[in-house]
1. So for 327, 157, fewest C-beta neighbours within 10 Å to most, what's the order?
2. In percent, what relative contact order does the chain have, based on Cα pairs under 8 Å that are 6 or more apart in sequence?
3. Taking the chain as a Gaussian network, where each spring joins two C-alpha atoms under 10 Å apart, which residue of 179, 216, 150 fluctuates the most?
4. May I ask what percent, to the nearest 5, of DSSP beta bridges between residues of the chain are antiparallel?
5. Only helical DSSP H runs with n ≥ 4 go in: add -39500 (n - 2.57) per run for the chain, normalise by residue count and round the 222 nm mean residue ellipticity to 500 deg cm²/dmol.
6. Order these by the 10 Å Cβ neighbour count, fewest first: 242, 230.
7. Exposure proxy check: 89, 77, 320 ranked by fewest other beta carbons within 10 Å?
8. Take the alpha carbon gyration tensor of the chain, find the square roots of its eigenvalues, order them as a ≥ b ≥ c, and report rounded if a/c is under 1.5; if not, report prolate when a/b exceeds b/c, else oblate.
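Read-outs throughout are calculated quantities, based only on the coordinates presented, and are distinct from any laboratory measurement. As the structure is a computational prediction, the values presented were derived from the model and not from experiment. All Cβ positions, even for glycine, are placed from backbone atoms using ideal geometry, and neighbour counts span all protein chains on display.
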């Protein structure tokens, strides 16, 4: 059985089968709703059901709380229609111009960026090219059918190699293997691109780019894309990490500021060590943004980090700094050891 889904405020419509999620149905018909993990964990695709009923599926309790369900919210990556629906989504787009592919790739380079961070450089077959928007991610396909999602750290204008920044998660099915046994020239299969985290180039608003840890990867891609496209909108990059060693490409970010008048870079450490001899900003990175920009009503924010960082930053920016809720774009990094 199929159901008609109407998206407000655009009025766009698509159909969803009873056995597919609302997100999968939209993507199948070349429409993009905001989404991240596609696994009910990050909450990036959370939206309101204005009329009709849904089965919330495998939505995880921390990403969709009971009071949110009662208020009509659901996760589009998990929800299945049980009737015709009217749903709310202010960021509906089209993905007709960028196909999703499943491709093999060869590991060209394993670059150690920090004691627990590797840059994985992948080369595609000679006759293949991956089209993507700066900030999107790919799914590495594992042999047991599982997948791991990683943001592309390179801009589309520099796609000779695809670059991923991967943190070692002790006990992690994929990262334990990567950090101990994976070698240059090994073959990895992936599917992508995915995600709605990319620069909205139809806006002239100044930009806040907020990164936590390896959330720097898609921020790097967006900045390098903006530089390549000669986008002159003011861009303030805030990169939060625990200690100095975790700012693994600090020198690169400093070169952007030195060469581009419209770009400012502010690193923030939450737990600097005595040996860091840190004289820069300290504390929570989103609070540094709030201190510098008490009024965000005329800005766009692009944030990438842990679920708790994204949740707190969004709530504080909207509640305390007057950021319009639909001008907050997020890529949420959640980790799995299974």
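1. Details: 327 20, 157 12.
Neighbour counts put them in this order, fewest first: 157, 327.
2. Details: 726 pairs, mean separation 49.1, N = 338.
Averaging sequence separation for qualifying contacts and normalising by length gives 15 percent for the chain.
3. 179
4. Roughly 60 percent of the DSSP beta bridges within the chain come out antiparallel.
5. Helices in the chain give a 222 nm mean residue ellipticity of -5500 deg cm²/dmol.
6. Neighbour counts put them in this order, fewest first: 230, 242.
7. 320, 89, 77
8. Values: a/c = 1.59, a/b = 1.22, b/c = 1.30.
Oblate, since a/c reaches 1.5 and b/c is not below a/b.
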